[in-house]
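Asks: If you scroll down you'll find the structure; I have some questions about it.
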Amino acid sequence: DLEEAAPLAGSFKKEGVEVLADDKWIVDFSSDAKSWGSLTGPEKVKAVAGVLLKLTLVVAALYFFICSLSFLASGFRLVAGRQAGQLFRNSEVFNNPIAAMLIGVLVTVLVQSSSTSTSIVITMVAADLFTVKQAIGLIMGANIGTSVTSTIVALAQSNDRSEFRRAFAAATVHDMFNFLSVLVLLPLEAMTGYLYHLSSAMLPDGLESSEKPPEILKKLTKPFTKAILKIDKNVIKNIASAETQVELDALSDARIFKKLFGLGPDDLTDGAAGAIVLIGALTILCVTLFLIVATLKSLLKGRIAVWLHKSVNGNVPDIKLGGTTIPMQWVAGYLAMGVGLLVTIAVQSSSITTSTITPLVGVGVISVERVVPV
């Protein structure tokens, strides 16, 4: 038991010698609480009720945390949506793949949503305002820009040095993966155009319009967020895709902001509404993160921490057939990759996936090594 708990406790004794673990990345989940077997009946009921209450608190805080990410993106759209739309108007710049990539980064940072910036690009390609080749650099940039969200979330744990180290490392994994992918793929695309040719070859003939894929998470969060805030994202797309100055001038009075509680466009400008939403979203984000981290810390004690940490970060055992051993530990990374893939497809947002995982790495539930494939 001591050796099993060692990676969590920070040290263990083996053959009478204390072995110290790296305390920068290891979390001490040890506890002096009574074991389950030594508890009386009423104490067991109290313990189960306490765990259920804490889990309910975590789920509720996680729900409002995800809603705060939606408000954060809407706030950035209100504050900088018009500027983001204007950036897309100079299509000649996008003939340079590096310039296109950098503008993709900037626009995604401004609106805090790669889904928004990518959908603008797709709309403009469909309207023949961009070519597919120009869009490739923009979408690569959007993937870099979206990693800023998880970095903002990691900053909320900066009050604790060890937690912040782990959380920021998890957020940086997202950054580095996208940076390195673009560092390899963008020069190859510029030299050979392989992405353009590969995507063209994969495109089937006779494409027809279809329904949008189901957005599972938005079915839960949209009723709440829509009751508080409404914005018109199409204004940003229309500004970006306006072909003439007359069309652009016609959009000068178009409002992105529609509703905030009982206030409407006549009460607040887009910028003022965006500032209020951003302040509120960051406040909710920090409070919910504090609740999630504090509650998880109180839950993760003793054997629960050892079991959870081992199950999340464990490896698939090797298969033994007679005298032959088939190594299977490599499978764990691909299983984790599959989990990340399925969760992101389900919630339709890589920002939500990585931003939810970041605090879990901060408190030590998920190791930095395991979060890489996720």
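Asks: Any residue at all in the range 323-334 that is within 19 Å of Phe168 (Cα to Cα), part of a helix (DSSP H, G or I) and modelled with pLDDT of 80 or more?
Replies: For the range 323-334, residues within 19 Å of Phe168 (Cα to Cα), part of a helix (DSSP H, G or I) and modelled with pLDDT of 80 or more: absent.
Asks: Can you spot a residue in the range 223-232 that is in a helix (DSSP H, G or I), touching a helix residue (DSSP H, G or I) at 6+ places or on another chain (Cβ under 7 Å), among the hydroxyl-bearing types (Ser, Thr, Tyr) and modelled with pLDDT under 85?
Replies: no
Asks: Looking only at residues that are open to solvent by less than 70 Å² (accessible area, probe 1.4 Å) and in a loop (DSSP other than H, G, I, E, B) in the range 242-257, which one is nearest to Ile228 (Cα to Cα)?
Replies: Ile256
Asks: Right, next: Of the residues Lys218, Lys212, Lys237, which is assigned to a helix (DSSP H, G or I) and either on the phi > 0 side of the Ramachandran plot or at pLDDT below 80 (or both)?
Replies: Lys218
Asks: Let me ask something additional. Could you please find all residues in the range 120-149 being within 18 Å of the chain's Cα centre (by Cα) and at pLDDT below 85?
Replies: Answer for the range 120-149, where residues must be within 18 Å of the chain's Cα centre (by Cα) and at pLDDT below 85: Thr146, Ser147, Val148, Thr149.
Asks: Is the range 52-73 home to any residue that is open to solvent by 40 Å² or more (accessible area, probe 1.4 Å), within 30 Å of Leu138 (Cβ to Cβ) and either touching a residue at least 12 places away in the same chain (Cβ under 8 Å) or out of contact with any Lys or Arg (no Cβ under 7 Å at 6 or more places or on another chain) (or both)?
Replies: Yes: the range 52-73 contains one or more residues that are open to solvent by 40 Å² or more (accessible area, probe 1.4 Å), within 30 Å of Leu138 (Cβ to Cβ) and either touching a residue at least 12 places away in the same chain (Cβ under 8 Å) or out of contact with any Lys or Arg (no Cβ under 7 Å at 6 or more places or on another chain) (or both).
Asks: Read through the list (1) open to solvent by 10 Å² or more (accessible area, probe 1.4 Å); (2) at pLDDT 80 or above; (3) more than 27 Å from Arg166 (Cα to Cα); (4) of a type in the set (A, V, I, L, M, F, W, C), then give the number of the only condition that Leu87 fails.
Replies: Condition not satisfied by Leu87: (2).
The values are calculated or read from the model by the stated rules, or taken from the named source; none is laboratory data. As the structure is a computational prediction, the values presented were derived from the model and not from experiment. Every residue, glycine as well, gets a Cβ built from its backbone with ideal geometry; the counts of neighbours run over all protein chains shown. Note: accessible area is taken over every heavy atom of the protein model, side chains too, but ligands, DNA and RNA are not part of it. Shrake-Rupley method; radii C 1.70, N 1.55, O 1.52, S 1.80 Å.
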